[in-house]
């Protein structure tokens, strides 16, 4: 039996496009070989390395998945299951805009949590649009917290070359709300790929979806996994006490709390709450933490 290792490029209706030996092969999963993943929305995602057997020049069967080094995971609300959007990646790119659609730092916070131990890079696209002083301060604060940030305009090309240099040799997943210009930026980074682009709904100031499924794209030593634009992002954490570890300003203080383990909500002599009161932690960041905490608890109520 001819076996080979390939990488998932995309998956639609349980048919996966696998790149193996520079050929794209359409594959299905053989039987129940990935049945251990029944508690997830999808057993495979772009970036997954798999073992396949050929069934002709362009068809095959997936017989196993190579152990992942990491994954970008969100919570799928419809199925109430964790959903892997991309696997085996070097960095997560979170794209935001000053406006049109509005700047939403709490979306960034959720992306960071979904990324887990994968470094998150935050890109402000559409810098040809004026940004308020408050939004700019909030965006720059992520750099103070240790995150890498970029400002670009996919429309004019400003800052794109710096991005190309930074992502050279890396495999990254691109995440953003609908309308932030993901596809336009990808078209600039990978000029031989033509990602369909869409506009903004003027009625709701929201983006129109132009990517319906996650897909891996590569060119000139840059590999991008484009994901569908979303309006809301739910985290897949199951342990409430893990959340603080994804907020650097909370993580460095939580061992100083008198009550252990502490959720930093209303516990007595909480180092995090004290830091918020003293202005050492931004009130909006703390409220973002609490909102995510609440969403995890609400999800537990389903079971």
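Every number here is computed from the coordinates shown, using simple stated rules; none is lab data. The structure presented is a predicted model; accordingly, all values stated were derived computationally and were not measured. Backbone-built Cβ (ideal geometry, glycine too); neighbour counts: all protein chains shown.
Roughly speaking, what is the stretch gain from residue 2 to residue 14, that is 0.36 nm per residue apart minus the C-alpha to C-alpha distance, in nm to one decimal? Walk me through the intermediate numbers first.
Values: separation 12, 0.36 × 12 = 4.32 nm, distance 2.21 nm.
Taking residue 2 through residue 14 to full extension adds about 2.1 nm, to one decimal.
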Checklist entry - Roughly speaking, what is the stretch gain from residue 23 to residue 239, that is 0.36 nm per residue apart minus the C-alpha to C-alpha distance, in nm to one decimal? => result 73.6 nm
Checklist entry - Most fluctuating residue of 157, 56, 47 in a GNM of the chain with Cα springs under 10 Å: which is it? => result 56
Checklist outcome for this item: Rounded to whole angstroms and listed largest first, the alpha-carbon spread of the range 1-140 along its three principal axes comes to 63, 32, 25
Checklist entry - Going by average Cβ neighbours within 10 Å, how do the peptides 221-227, 250-256 rank, with the highest at the top? => result 221-227, 250-256
Next on the checklist: Principal axis extents for the chain, Cα atoms only, whole Å, descending order, please.
Outcome noted: 66, 46, 37
Item to check | Residue of 191, 46, 228 that the Gaussian network model of the chain assigns the largest fluctuation, springs spanning Cα pairs under 10 Å | outcome: 191
Next on the checklist: Looking at the chain as a GNM with Cα springs under 10 Å, which of 11, 146, 159 has the largest mean-square fluctuation?
Outcome noted: 146
Checklist entry - From the square roots a ≥ b ≥ c of the eigenvalues of the alpha-carbon gyration tensor of the range 3-67, which class results: rounded (a/c under 1.5), prolate (a/b over b/c), or oblate? => result prolate
Checklist entry - So in the chain, what percent of DSSP beta bridges are antiparallel if you round to the nearest 5? => result 60
Next on the checklist: What three numbers, in Å, describe the spread of the alpha carbons of the range 72-226 along their principal axes, ordered from the longest?
Outcome noted: 38, 37, 34
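Counting other C-beta atoms within 10 Å, which of 247, 147 has the fewest, and how do the rest follow? All intermediate terms of the calculation are to be shown ahead of the outcome.
Numbers: 247 23, 147 16.
Ordered from fewest to most neighbouring Cβ atoms within 10 Å, 247, 147 come out as 147, 247.
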Checklist entry - What is the extension gain from residue 231 to residue 90, computed as 0.36 nm multiplied by their sequence separation minus the C-alpha to C-alpha distance, in nm to one decimal? => result 48.3 nm
